[in-house]
Structure formats: structure tokens, C-alpha cells
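Working notes for the structure below.
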Amino acid sequence: MTAAGEAFTDGEFGARSAQPRQFIVTVYGLYAREDGGWLSVASLITLLADLDIDEPAVRSSISRLKRRGILVAERRGGAAGYALSEEGLALLREGDERIFRRERSTLDEGWLLAVFSVPESERNKRHVLRTQLTRLGFGTAAPGVWIAPAHLHHATATMLRQQDLDGYADLFRADHLSFADVAAKMRQWWDLDELERQYTAFLDDQEPVWQRWRRKRAGDDREAFVDYVRVLTSWRRLPYLDPGLPCELLPTDWVGSRAADLFFTMRERLESGAQEHVSAIAFS
């Protein structure tokens, strides 16, 4: 994985444990693209202060994101600021397809198999390949054979080309015909226990926030911004662990479905007010 890619997916999942740079990535992903991927340092410091992140932490995190190739320094109208790099913009576009995808795969769509063979002399490429497939949400069906829902074909092919790994792998569209019970295989191919833990942690973190909003007839825009950035930062890595596995193959009352329902419900409630708050600070 590239350093930029790591910045989009590293760290723990809960909003309480998120690092300042993760909040900055969320803010850029939600709001900076309206202005060509640019935010002034002053507006970013003001917005992050709402999230209880002080100025030194913001500046330190910006520097780290710059070193990772996500942000580039740029002045506009005499104001110092940072814009998203081309790689940063591409990663955000990829993230949109994952983070805001509501529907799950179905058995009728079939599977994507990634089969690879990397010479021992190039074991570093093998590590990169495995890391990237894991990041995309692949499970391991057998040594050298990785499996994911078929809808990941484009994202996988793009990754292989970008990482110069397409010469070591082949992609196949597949249906399971026999003999194993595929539902039973889910826990072998993916770490469903860890997924359940992460989804449960998300619910524990965010359900009290949602209950607070349910009791409100109205909420201020600043509060909407704070809670929306926090819930999205907490949520945005989960779709990379769970690539939208078919409901038919998951345990009854799969906790991931409840987590997704909560996220999209909170998004609908908070998105507009959060946008108003950012517009008043960064684009007025």
C-alpha cells in the first residue's frame, strides 16, 4: 500500500480513538473538493477546533499528510492553505464508492477470484499484493487464491495496474458450484469475529449520539458538523473490512446491517447542517 493509501485506512475505528490526521482526511473528503480540493490553514484550524483538536496538532498532522503525498501546499488569494494531490483525490473517489455504498452483494452476482504467483526473488511484491488485496476486502480461499464479491473487479484491476502488479495476477469471475457450504466458509475466508467486534464498537460509540439527535427538534450546525465528521471517521474504514458480503451467507441479524442503517440514518440527519457550518467558516 502507498503511504497515501495508509493514511486513509490506518488506525483504530472509533471516533474517540481517531487521530487528528484522520479527521483532516474526513474534512477534506467531505468539503474541500467543492473548492478544487483546497482549504486554507486558518479555516482548517477553526474547523478542527470544533473537534477539540488544537492548532499544533492540526499543523503537525497537515505536515504528515503532506509528507505522505496527500496534501500539497498552495496559496490562494494571499492565504496559506493545502490542496489535495492527484493521488489524494483518486483515493477519495475510490473511498466514495466504498463508504457510501448502501447495497450488499448478492449470490447472483458471483465472485471475483484473484490468483497470483510471485517469484521468491520478488517477495516484497508478494507482500504488497497481499496487503492491497486485504485493503480491498478480499478473503483468502486458498494459498495464492483470494476471493471477493464480483463488484470489486474494477477497483482490483485498477489497483493491480497502479501498483505494477498486473503481471503477477489473474482475475476470474466465478460461481461456487460445489461441494462446501459457502455460508460456513465465510468464517474461514474472512475474519467475521473481528468484523462483528468492529461493528459492535461502532454501534456502542454512535448509538448514544443518535439517541441524542432523536430527542432534538432542532440542532445547531456546529453540533451537526462535529457529530457528522466523527461518525464518518468512525465508519469509513469498516466498508474496507467488509466488502459487502451477501446477507444470505452471513449470520442471522448480522450486526453490520444495523451499523450501516445507523450510519446512513445519521448521515441523512446531519449532512445538511454540517455543510452549512463549513460553508460559513471556509467559503464565506
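The values are calculated or read from the model by the stated rules, or taken from the named source; none is laboratory data. Model, not experiment: these values are computed from the prediction. Every residue, glycine as well, gets a Cβ built from its backbone with ideal geometry; the counts of neighbours run over all protein chains shown. When the accessible area is computed, the model is the full protein with side chains, heavy atoms only, and any ligands, DNA or RNA have been set aside. Shrake-Rupley method; radii C 1.70, N 1.55, O 1.52, S 1.80 Å.
What to note about this one:
- The residue pairs whose first member lies in the stretch 152-170 and is within 12 Å of L129 (Cβ to Cβ), whose second member is among the basic types (K, R) and open to solvent by 40 Å² or more (accessible area, probe 1.4 Å), and whose beta carbons are closer than 9 Å, counting only pairs six or more residues apart or on different chains, are Q163/K125; D164/K125; L165/K125; Y168/K125; Y168/R126.
- Hey, A114 touching a residue at least 40 places away in the same chain (Cβ under 8 Å) and small (G, A, S) or not: yes
- The sole residue among T252, T200, T233 that is among the polar types (S, T, N, Q), part of a helix (DSSP H, G or I), within 30 Å of M186 (Cα to Cα) and open to solvent by 50 Å² or more (accessible area, probe 1.4 Å) is T200.
- Residues being under 19 Å from P246 (Cβ atoms) and out of contact with any helix residue (DSSP H, G or I) (no Cβ under 9 Å at 6 or more places or on another chain) - total across the stretch 155-173: 1
- Enumeration of residues in the stretch 111-138 that are modelled with pLDDT of 95 or more and farther than 18 Å from G167 by Cβ: W111, L112, F138
- Residues located in the stretch 61-80, provided they are touching a helix residue (DSSP H, G or I) at 6+ places or on another chain (Cβ under 9 Å), part of a helix (DSSP H, G or I) and surrounded by 13 or more Cβ atoms within 10 Å (Cβ to Cβ): S61, I62, R64, L65
- Test: residue in the stretch 267-281 that is under 17 Å from the mean Cα position of the chain (by Cα) and either in a helix (DSSP H, G or I) or not basic (K, R) (or both): yes
- Subset of the stretch 16-49 (residues that are of a type in the set (A, V, I, L, M), open to solvent by 30 Å² or more (accessible area, probe 1.4 Å) and touching a residue at least 24 places away in the same chain (Cβ under 8 Å)): L30, A42
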